[in-house]
Every structure is written in C-alpha cells, then in structure tokens.
Amino acid sequence: MKKIPHLLLILFLPSMVLSQETRTEELSEVVVTAVNYKYLSSTDAEEIPIPVKLLKRKVAAYDVTQSELYEDDYPFYTVSFYIPEGKIVAVYDEEGNIIKTIERFKDLQLPKEVETALKKRYKGWEAVEDVYLIEYNNKKGVNRTFKVTLIKGKKTQKVKLDETGRFL
C-alpha cells in the first residue's frame, strides 16, 4: 500500500515535466558599473593587502544619499572608514560621487620599487616602520607617498618616497 503513492509519482512526474513549456526571451543589455569606478581604478595597486582593497571597495560603494544625515542642502559630506591597518576619510558630493580621499595605512608590505631604492641607498639599514599615504582628488588624480623609518644600530632615519622609489 505504501508503494502506490511512490509508483504514481514515478509514473506521472515525467509527464508533468514534459508538459511544461519553455520560452526563450531576449533581454536588453544591462551594464553595471560602480559609481566611483574612477576612484577604484586610480587608487588600486597590485601589492595592496586584501583588507585594504576591501575597505576601498566599501568607500566606492558607499551611498551617501542613503545616509540618515543626508540633506540636499549640503554640497559635500565627509565620511571616515576604519580598519586595523589604517583609515580612509572620503569626501562625497551631494550625488554620492567621491571628490577626494585621504588614506593612511601603517606597516604594509612595501612595493618592490620602494624596497629596492631603500636597499640601494641605505645599505645595512632596516625598515622598522612605514606609513602609506594616498591622496585622491577627482580632478588632480592620485598622489602616493611612503614614509619609512629606518634603523641601523642606534641611529634612526626617516625618509619619504613615492611609489616608484624616488626619494622626496
């Protein structure tokens, strides 16, 4: 008796599947882009750690117009984002576009160009602390700077470099 419902299901299931009609419908093309794609593409670098990349994506995806503090009366909004490695302070216009950012990250892996320049000029010195500063402006572009503290014995030295390893 218990086998009858299973038997009926097995017999009628193929007919129910075959009786369904499938239609193919062509949809118009949809292109999805981030509102702040210029910020992401200009500040992104290969050697940035994953938490920093994720924070940058949050900054780009943040919709200031959905904030409870949003009002049409203000020309710009300043929002801060934090992670243990550093922070990003972003300025948005009233439409949610990033106008500029100031970013500061501590003790990240230095780019190869910067490490090479340091080893070449400061042989025997060890980098003990570094600060990675990024200034983004939607009109002026990006400025990347590294401030590195070097130590050799009891001597310490602080140097500034750009992302290409050029000393400033």
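What the table shows:
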read-out	value
Residue under evaluation Asp130, criteria (1) of a type outside the set (Ser, Thr, Tyr); (2) loosely packed, with under 15 Cβ neighbours inside 10 Å; (3) more than 22 Å from Ser41 (Cα to Cα), criterion not met	(2)
Pick from the range 144-164, criterion of a type in the set (S, T, N, Q) and touching an Asp or Glu at 6+ places or on another chain (Cβ under 8 Å), ranking: most open to solvent (accessible area, probe 1.4 Å)	Thr164
Among residues of the range 82-102, those that are over 15 Å from Leu40 (Cα atoms), buried (at least 16 other Cβ atoms within 10 Å of the Cβ) and among the aromatic types (Phe, Trp, Tyr), counted	0
Subset of the range 43-92 [under 11 Å from the mean Cα position of the chain (by Cα) and not hydrophobic (A, V, I, L, M, F, W, C)]	Thr43, Asp44, Pro49, Pro51, Lys53, Lys56, Arg57, Lys58
Filter result (surrounded by fewer than 17 Cβ atoms within 10 Å (Cβ to Cβ) and touching a strand residue (DSSP E or B) at 6+ places or on another chain (Cβ under 6 Å)) within the range 108-127	Tyr122, Gly124, Glu126
Residue in the range 47-71 that is modelled with the highest pLDDT, counting only those that are open to solvent by less than 40 Å² (accessible area, probe 1.4 Å) and β-branched (Val, Ile, Thr)	Val59
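The values are calculated or read from the model by the stated rules, or taken from the named source; none is laboratory data. Since the structure is predicted, the reported quantities are computational estimates derived from the model, not experimental observations. All Cβ positions, even for glycine, are placed from backbone atoms using ideal geometry, and neighbour counts span all protein chains on display. Just the protein is used for accessible areas: all its heavy atoms, side chains included, with ligands, DNA and RNA removed. Shrake-Rupley method; radii C 1.70, N 1.55, O 1.52, S 1.80 Å.
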